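Following: one structure in structure tokens, then a few remarks.
Nothing in this text is a laboratory measurement; each read-out follows from the coordinates by a stated rule. Keep in mind that what you see is a predicted model, and the values were worked out from it rather than measured. Virtual Cβ from ideal backbone geometry, glycine too; neighbours counted across all protein chains shown.
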Amino acid sequence: MTTQLHPKLDNGINDYPEVKDFAGGTLQCLCDSNKVEVKIGAQTLHNHACGCSKCWKPEGATFSLVAVVPRENVEVISNEDKLAIVDETTAIQRHFCTECNAHMFGRIENKDHAFYGLDFVHTELSEDKGWSAPQFAAFVSSIIETGTPTSEMDGIRKKLNDLGLPTYDVLSPALMDVIAAKTAELNDTLQK
Ligand SMILES: N[C@@H](CCC(=O)N[C@@H](CSCO)C(=O)NCC(=O)O)C(=O)O
């Protein structure tokens, strides 16, 4: 069986006509009615395919597509009562719809975390066009943990690279630098 990366990646990155000065839009959960709606008041950053076991993926997908946006730009505007947190012990607390299971936003509450202040969102849940396009693939080797045979990894990395998405087994170098700089700041060893 051919592994599906993600419905928005399998046929090329055509669904992401990134628009300059795009100012955000609304995410909707997958319920037929009484949808949870989340207003995002800014363009997203660092959109990427993520192979980790915790990020929400649509049915049949091996990767999620996830981006970040400042938390002050994220507001639940409808049916907030349907939301719950997947696991309060994880660094990213993922707020999901308890009826359709879509993750509406992931929030970091630990102020010492390098990404504190940024919420994680899946812009495929929005009908608005102009969101930032995926730039890289992260946690690629992690897909083995959720059942992808190791024999498929070369092919999957090739597919991602052919789409223009460099593959990493953690995050991109730019984001890993942010994490390391935060650690250095906390250790008082950060040189500017
Ligand atoms: N192999 C593990 C990796 C999990 C992991 O570290 N995930 C990252 C990426 S999430 C968005 O890119 C992370 O920061 N996790 C913190 C959290 O999930 O709270 C696996 O696959 O589970």
For a label point 7 Å from the Cα of Leu30 along Cα→C-beta, name the residues of the range 111-149 whose backbone N is under 16 Å from it.
122-127
With an 8 Å cut-off on Cα pairs and a minimum separation of 6 or more residues, tell me the relative contact order of the chain in percent.
24
What fraction of the Cα pairs in the chain, stated in percent, has a spacing above 28 angstrom?
26
Lys8: which aspartates and glutamates have alpha carbons under 19 Å from its alpha carbon, excluding same-chain residues fewer than 8 sequence positions away?
Glu18, Glu59, Glu124, Glu127, Asp128, Asp162
Debye calculation, C-alpha points only, no solvent: report log10 I(q)/I(0) for the range 90-169 at q = 0.12, 0.13 Å⁻¹, in the same order as the q values.
-0.51, -0.60
Lys182: which aspartates and glutamates have alpha carbons under 15 Å from its alpha carbon, excluding same-chain residues fewer than 8 sequence positions away?
Asp112
Nearest 500 deg cm²/dmol is fine: what mean residue ellipticity at 222 nm does the chain get from its DSSP H runs of n ≥ 4 alone, each adding -39,500 (n - 2.57), divided by its residue count?
-4000 deg cm²/dmol
Here, Lys111 and Ser53, labelled 7 Å along Cα→Cβ, have an inter-label distance in nm of 3.3
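Stretch Met153-Asn101 to full length: gain in nm at 0.36 nm per residue minus the Cα-Cα span?
Values: separation 52, 0.36 × 52 = 18.72 nm, distance 2.78 nm.
Extending this stretch completely gives an extra 15.9 nm.
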Calculate, for Leu190 and Val86, the FRET efficiency according to 1/(1 + (r/R0)^6) with r their C-beta to C-beta distance and R0 41 Å; round to the nearest 0.05.
0.80
